[in-house]
1. Run down B:352, B:360 and say which single residue is modelled with pLDDT of 95 or more, assigned by TED's automatic domain parsing to the domain that holds residue B:197 and in contact with a strand residue (DSSP E or B) (Cβ under 7 Å, 6 or more places away or on another chain).
2. Considering (1) within 24 Å of residue C:243 (Cβ to Cβ); (2) under 19 Å from the mean Cα position of the chain (by Cα), say which one residue A:217 fails and leave the rest.
3. Of everything in segment A:30-50, what is in a loop (DSSP other than H, G, I, E, B) and more than 18 Å from residue A:62 (Cα to Cα)? Give them in sequence order.
4. Restricting attention to segment D:52-90, report how many residues are within 14 Å of chain C (Cβ to nearest Cβ), part of a helix (DSSP H, G or I), modelled with pLDDT of 95 or more and surrounded by fewer than 19 Cβ atoms within 10 Å (Cβ to Cβ).
5. For residue B:38, are the conditions met, namely being within 14 Å of chain A (Cβ to nearest Cβ), under 21 Å from the mean Cα position of the chain (by Cα) and closer than 30 Å to residue A:45 by Cβ?
6. From (1) within 30 Å of residue C:251 (Cβ to Cβ); (2) at pLDDT below 95, pick out the condition that doesn't hold for residue A:109.
7. Check every one of the helices (runs of 4 or more DSSP H) wholly within segment C:113-206 and list those with 3 or more residues that are within 11 Å of another protein chain (Cβ to nearest Cβ) and either touching a residue at least 60 places away in the same chain (Cβ under 8 Å) or farther than 25 Å from residue C:311 by Cβ (or both).
8. Does residue A:159 satisfy being touching a strand residue (DSSP E or B) at 6+ places or on another chain (Cβ under 8 Å) and surrounded by fewer than 24 Cβ atoms within 10 Å (Cβ to Cβ)?
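The values are calculated or read from the model by the stated rules, or taken from the named source; none is laboratory data. If you're wondering where the values come from, they're calculated on a predicted model, not measured in any experiment. Glycine gets a Cβ as well: all are built from the backbone with ideal geometry, and neighbour counts include every protein chain shown.
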């Protein structure tokens, strides 16, 4: 007979793509990692009772509700997981925090940085644990990259080049919906945020930025047979200064025809360099300047058991983790943080920080001047 | 309230690497796919009660036992899943079949083809469903490749080049254990079987083979301080003839220093060609001879929602499936076959077929003559 | 008996790396292309008579001299080729122009844009033909890329990303010599100029820039046992606006550890995209958004006879042109321009233009403001 | 004034693709390498006086003739270079040898091995120097690969995989001309010979082969409106044994749709591995098993000055040699051999050896049995 673990009871609000992905994460994390809690899928909420009931059946939740406030109010729920549209995050998260729940929320926390900061403040005051979904950071290869940087293996880090480019808005006939909302929309907010998160994850705090936002498709359908003028960036670029002394650049684009997941970085140090692309998330290219003359070159390190927590998923290298595995790692980190075993991997404060940077780059672009003191 | 599905109750025998991987597969398949059954992790068996109890707790099974026969005997179990060492598969599978259970068994079915055939015969006679674990075949990219071949998109298929090379036996100080057992051991049996499965999956039946087995490391430690002479192949090569008229070659090596998962194929047709490597399992390289002059080249197709069942895991392309996701697809196919919704994806008959081919190549190598009529 | 062509008689000043490369170019161009002139290696000059005589013997020139003015004065010379250090270019080129010679000069024309403009003005006034060595532009793959852009095959061009990074200054113990001279030195001037040339070659005129120069290695040896403060950029970045409406970015770095020839670009249009790296100069990666769903991906086009003037070198594709072949193409273009068969491929005016852009980016970096009206 | 070198006077027979390529080689070798002779393009022969005169003008030869025997008879010629169709090589080469000329001949020496052996015998008896054109072997990266193998850097070499695949015969409407001649034709003779040359260059003598020739396109146009039955191989495969104890495989295909120059090898040793593709001839992929755990991977070594004779072409790495540069290296090696400075790089004996292997593989395929004692 299995030994019973204490339960951690999840209440999910929102059952779209990300809701489903989170559920995969809960299901996998429970088995892949030796977690301090058993994860129970307690209840799920959607806009109507029927939709919620369907999701409960499909995802494996014990109960369902058409009223998200019932999730908040349920004393048998420990963690509220919010995967609804961005504009709803704040109200739901603040309510959950007020009810003493730990809160897991998809990025971005809210359309505006000020709202995200308010959410982070509330969580810290209430003493609940929080997590924002930035799962690219959960990749064992990312952890390896950070360790190579922090340990000095690459020497003094001098420069950084980061990109996050996709093409889901490349078609001028795509209205863009909420993504092109002047308040909080744009490519840099939507996916440049990933590039920023990776940059700070690897090299530490950014202190100054110079931005360059470009609206390449000036007009898109308004969804009602007409057209509307677009104000947000299709492409956002930034020069960066890091506290460490390194400099760098970022680019975010949602009109990069042909790119599906060009989340890339290049890090150049005095002793070596690394490069990465999310399209090959199990590979890190590494140049060691200390290799013998005539034998130097960028090598491709394949993710394996030497790169924790890969070994939790597979005992042999070369077997490839996938996107959903990264979500399981994210869940595991959050659950351990709730148990007090480790700091929160990427809490609301970290999520708000990214939005502050996004806004600073937008401001810089508008004023055509560097923004410093970040 | 969730609508209740009929349950499919799993009994797992063996809790090592593959046991764990199967459990991941059950947990994920239940949520990723809209399966006709709810999968219940009913009971797990290992060599001792204690080990089994530990596995139950960690994997999430309802109960545990130190006696695998208790799994077979349990009327509340529908599917027996066998992930024990190869030598034990036959006894367990035959017992499970005799008890009317559906059986899921890791590859290879048994050390010898004759045993595997016996297992397939028994299953067919009993009318139970079976599944052998060949999860590379479950990749959406593999399905895409097969469709491009079968539909005629690549024209008449003329030649095939397949490889499965790794390096886990490259160190001469590695004893090899059961892997170098003269009865059923060797690189071709261990991993060449994957290359064979892929070849027939894509191009259909192989009818003739010419083999070339080489023992490159003639002596290995016997695990007791001495040495033993090695008889099995470190490298196995084969020429192939397919029923379709195409010809090809295969190579299996477990001493390919530096290769972690070089499961590769190249298919050349009159209108196009495709190539693949398992180390980049989300990519298919495709050449279309019909592209305009000066614009031709191998393109890299990234796995996406256009390639079912990728869309079950993620709504957007470029997000990368991983090894464990393939296991979930394998589980889903088996469960659907149990429900009668589709044929068994890779049943004991198919598993036995692979072993027949493995033995034919070994025979050919030993007799230095082609083996035909396969 | 061979039909005699009119001669074009070359006088070379400077016999270092680039002098040798130019000689390779003359020798090859004469045979690879059906040129309107026979190229005669008339005379070579170096600092001393002895050095020049040695070069004449090794390179195959008819005569030699220790006095470069003798080359200028020689009425039996039609083209003066200058491959001396940058600081000497202006005096030599102006003297050659004054003597009515056509002039071929390595990049950069002079340390400062004003000097380069003076050189271009003089050449135009004198009516002689000029050529600056930007041989990356002579690659058939570059010509293909430009044609795909200009013909509309890629649709409306929206964004550009260019890099030229190497690591020859990554070692802080490297003094840098003339390269770190505050007047005209720095990574952007040295190699960012290549990135600028490629950007304008492909997308047309740049109209505005925002620069970001960084000195990452603040102090280097002064070559006399001491140290000196470095003022020039180790890394230079720029945001770009093109006259066409497209926007883009560039980065130049000479401290990009591990990079030997990262001359790369990515061009994104509404109908397709192309990417390139000089380290694989025979390949163009091309994405066609019009490919069928499920079959899209970046394809690798290999340079071949469909991409002129590749066919001059080899009748079959896949045979790889090299760096020196590009020089032969450059020479051929210049010779044809002298014969009046085509415009000058990259004359002094074009060379001066690049330097104007380099200085604009430096100015922008210093003033922390966009520079427009370029 | 340049110091005069002794002349080596070239007479070229044949002015097609290869004739032109050889001329590029002579022109470049003279300048790139510090050769012991000045190379003089003395005379060129083609089928008619007019064709020959045209070639002389275009290629830069001093004189021309419509009678190849005039080249042989000319006392002012030291080296006869034969680039005519294969069937003519023997008569011309034997005549040149009889006249005491050094002979440079394109591959293959003759349609049949016996003829090639006769040519090698004659040359050795006459004491003239010979060279067969196998210029892939002249690549600095090939020399590096061989040194890594011979020096023990890769440990004991265990296995080899070689391919040479192209697609110039993939179209069933291509008659094939002399290439499909039953005597000496076929893919393995035509391009498998390159794969064999590379295999022996790297690993030393092959002692046994098992062949598998396949005619995939059974009928082709006969060039006169009808069809003819094809007997030669479109695809040839072979298992190999090397004298060193290593084993391997080869494949040659001229119907590999999409492949333009898939001349590839993989070498696996006990301490490391290397892989190569001619389509990226400036790169060697290298795995060092001695790299630290978690940092291992195949690295891409770029050809550079550390890899002689790259430095003769360019002082900086990453600048890419091309196909024609390899020809210059071939010429230089032959010229030095004539001067007695080094052994002949690839003489008629070596060329005949390759043909012996080609025929052994064909015989093995026909008899369906291993051929040993090679």
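1. Details: B:352 fails: in contact with a strand residue (DSSP E or B) (Cβ under 7 Å, 6 or more places away or on another chain).
Unique residue meeting the criteria: B:360.
2. With (1) within 24 Å of residue C:243 (Cβ to Cβ); (2) under 19 Å from the mean Cα position of the chain (by Cα) applied to residue A:217, the lone miss is (2).
3. Initial filter on segment A:30-50 (in a loop (DSSP other than H, G, I, E, B)): A:33-37, A:46-48.
Passing the criteria: A:33, A:34, A:35, A:36.
4. Residues of segment D:52-90 that are within 14 Å of chain C (Cβ to nearest Cβ), as a first pass: D:52-66, D:70, D:83.
From what is left, the residues that are part of a helix (DSSP H, G or I) are D:52-59, D:70.
Keeping just the survivors that are modelled with pLDDT of 95 or more gives D:52-53, D:70.
Subset that is surrounded by fewer than 19 Cβ atoms within 10 Å (Cβ to Cβ): D:70.
Looking only at that region, the number is 1.
5. Numbers: within 14 Å of chain A (Cβ to nearest Cβ): yes; under 21 Å from the mean Cα position of the chain (by Cα): no; closer than 30 Å to residue A:45 by Cβ: yes.
It is false that residue B:38 is within 14 Å of chain A (Cβ to nearest Cβ), under 21 Å from the mean Cα position of the chain (by Cα) and closer than 30 Å to residue A:45 by Cβ.
6. Residue A:109 satisfies all of (1) within 30 Å of residue C:251 (Cβ to Cβ); (2) at pLDDT below 95 except (1).
7. Values: elements: C:113-126, C:140-150, C:193-203.
Ranges flagged: C:140-150.
8. Values: touching a strand residue (DSSP E or B) at 6+ places or on another chain (Cβ under 8 Å): yes; surrounded by fewer than 24 Cβ atoms within 10 Å (Cβ to Cβ): no.
No: the conditions fail for residue A:159.
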